[in-house]
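Read through the structure below, which is laid out as structure tokens, and then see the notes.
The values are calculated or read from the model by the stated rules, or taken from the named source; none is laboratory data. Keep in mind that this is a model prediction, so the values were computed, not measured. No Cβ is skipped: glycine too gets one built from the backbone with ideal geometry, and neighbour counts run over all protein chains shown.
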């Protein structure tokens, strides 16, 4: 640290980041400002700063950023070929909905499935909404109910999809296999969020029925018929994805394998839909370009966190927390780190996961915390945040459902947050007893 400042002041870039996020400032501008502040505090030279940015291009966070970029590209291919629409419509039409509870369940399944495949909450539900609204409207489902469904069920897809950014990030940070991650973190949190969402959505339906509704014009099912070309592309997508996922799981492929999966699936699907190689690649690049800002931000995030680590701030906070850990032990540590991750750190989910992990890693290592329980803490820290306050994710899903009922959205968020913290506490106690 410059001028011999205390290492704890190395957290100033992180504090600045949190303040700027809560003020709604642009993410890239915020992260760049924090990187520059970190470089100044650690006495980095101008030439050294350039070298740090070069090294960042080969970092784990940059890899995740590139996977997100490719995920958006694959989503564009699935949208252009109408494969995404066909999958959604097939699920809904085959279900032969007759009751409101069936409609809620199928809407939840559809949202979860597509998000887990495309890896984006907003993008996936944007595809689903125009198709599902006419169908649920015909059965009397209210906008308030659908808003809860799209947010809760859609978010669940981000916990279980093998190549969605949060899953890939946490597996990379903890070194857990996909199967181990699912059993110890992904599936437990998915069950909590899914169960809460179904309960609150059903309750919201009873409270809002007769008070709000979609218009009669919305109650007409979308006139969608899959052409032979769309059907062929859909089969190609499903088969290619299944084969590549199966191979990846058997070979215990790492995060980088997601790049191969995204590229291969996009090109095969495009080819099956009648696109030339050039058209498929251009469509992939077109969709990917929409998320370039995210890649840029992740390239900056690596030096941002490295400068905080270089200052000695992470080790300093570990020392300050030691008295609490001595009194409360591992249970206190796991609960405090979860609380700080959910309420004290803001920003993109993947970035939150990395910050939470790096912030507490010295203590995790000194206490020999098992990665199976730590993966749960990191997942909760980076995902439950988006349920406790009216975040962009929450308001965005509410908008897609054409709902104005923020109260219903927050009810679901608070219910699942309380249940989640209770579950983490139980898991922590059981962990210390094992």
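Some observations on this one:
- Among the residues of region 125-153, just one is touching a strand residue (DSSP E or B) at 6+ places or on another chain (Cβ under 8 Å) and closer than 16 Å to residue 387 by Cα, namely 144.
- Restricting 398, 367, 409 to those that are within 26 Å of residue 330 (Cα to Cα) and touching a residue at least 24 places away in the same chain (Cβ under 8 Å) reduces the list to 367.
- If you filter region 57-88 down to residues that are in a loop (DSSP other than H, G, I, E, B) and in contact (Cβ under 8 Å) with a residue 60 or more places away in the chain, you find that the one that is nearest to residue 357 (Cα to Cα) is 59.
- Residues in region 23-40 that are in contact (Cβ under 8 Å) with a residue 12 or more places away in the chain and closer than 20 Å to residue 294 by Cβ: 27, 28, 30, 31, 32, 33, 34, 35.
- Filter result for the condition that a residue is free of Cβ contacts under 8 Å to residues at least 60 places away in the same chain and within 25 Å of residue 59 (Cα to Cα), over 251, 311: 251
- Pick from region 207-216, criterion touching a helix residue (DSSP H, G or I) at 6+ places or on another chain (Cβ under 9 Å) and surrounded by fewer than 11 Cβ atoms within 10 Å (Cβ to Cβ), ranking: modelled with the lowest pLDDT: 216
- Checklist (1) surrounded by 14 or more Cβ atoms within 10 Å (Cβ to Cβ); (2) assigned to a loop (DSSP other than H, G, I, E, B); (3) within 25 Å of the chain's Cα centre (by Cα) applied to residue 44, failing item: (3)
- Residue check, residue 39 touching a helix residue (DSSP H, G or I) at 6+ places or on another chain (Cβ under 8 Å), modelled with pLDDT of 80 or more, closer than 30 Å to residue 207 by Cα and in a helix (DSSP H, G or I): no
- Restricting 270, 248 to residues that are surrounded by 13 or more Cβ atoms within 10 Å (Cβ to Cβ) and either under 30 Å from residue 174 (Cβ atoms) or modelled with pLDDT under 80 (or both) narrows the list to 248.
- Extreme residue, farthest from residue 89 (Cα to Cα), among residues of region 114-142 that are modelled with pLDDT of 85 or more and surrounded by 24 or more Cβ atoms within 10 Å (Cβ to Cβ): 142
- Residues of region 295-318 satisfying the condition of being assigned to a helix (DSSP H, G or I) and either touching a strand residue (DSSP E or B) at 6+ places or on another chain (Cβ under 8 Å) or over 16 Å from residue 35 (Cβ atoms) (or both): 314, 315, 316, 317, 318
- In region 412-429, the residues that are touching a residue at least 12 places away in the same chain (Cβ under 8 Å) and either outside any helix (DSSP H, G or I) or over 17 Å from residue 330 (Cβ atoms) (or both): 412, 413, 414, 415, 416, 417, 419, 420
Yes or no, residue by residue, for (1) modelled with pLDDT under 85; (2) surrounded by fewer than 24 Cβ atoms within 10 Å (Cβ to Cβ); (3) part of a helix (DSSP H, G or I):
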residue: 340; (1), (2), (3): yes, yes, yes
residue: 346; (1), (2), (3): yes, yes, no
residue: 353; (1), (2), (3): no, no, yes
residue: 357; (1), (2), (3): no, no, yes
residue: 360; (1), (2), (3): no, no, yes
residue: 365; (1), (2), (3): no, yes, yes
residue: 376; (1), (2), (3): no, no, yes
residue: 379; (1), (2), (3): no, no, yes
residue: 390; (1), (2), (3): yes, yes, no
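- Exactly one residue out of 136, 167, 200 is under 30 Å from residue 375 (Cβ atoms) and touching a helix residue (DSSP H, G or I) at 6+ places or on another chain (Cβ under 6 Å), and it is 200.
- Scoring residue 94 on the criteria (1) touching a residue at least 40 places away in the same chain (Cβ under 8 Å); (2) over 19 Å from the mean Cα position of the chain (by Cα); (3) surrounded by fewer than 21 Cβ atoms within 10 Å (Cβ to Cβ); (4) in a helix (DSSP H, G or I) leaves a single failure, condition (1).
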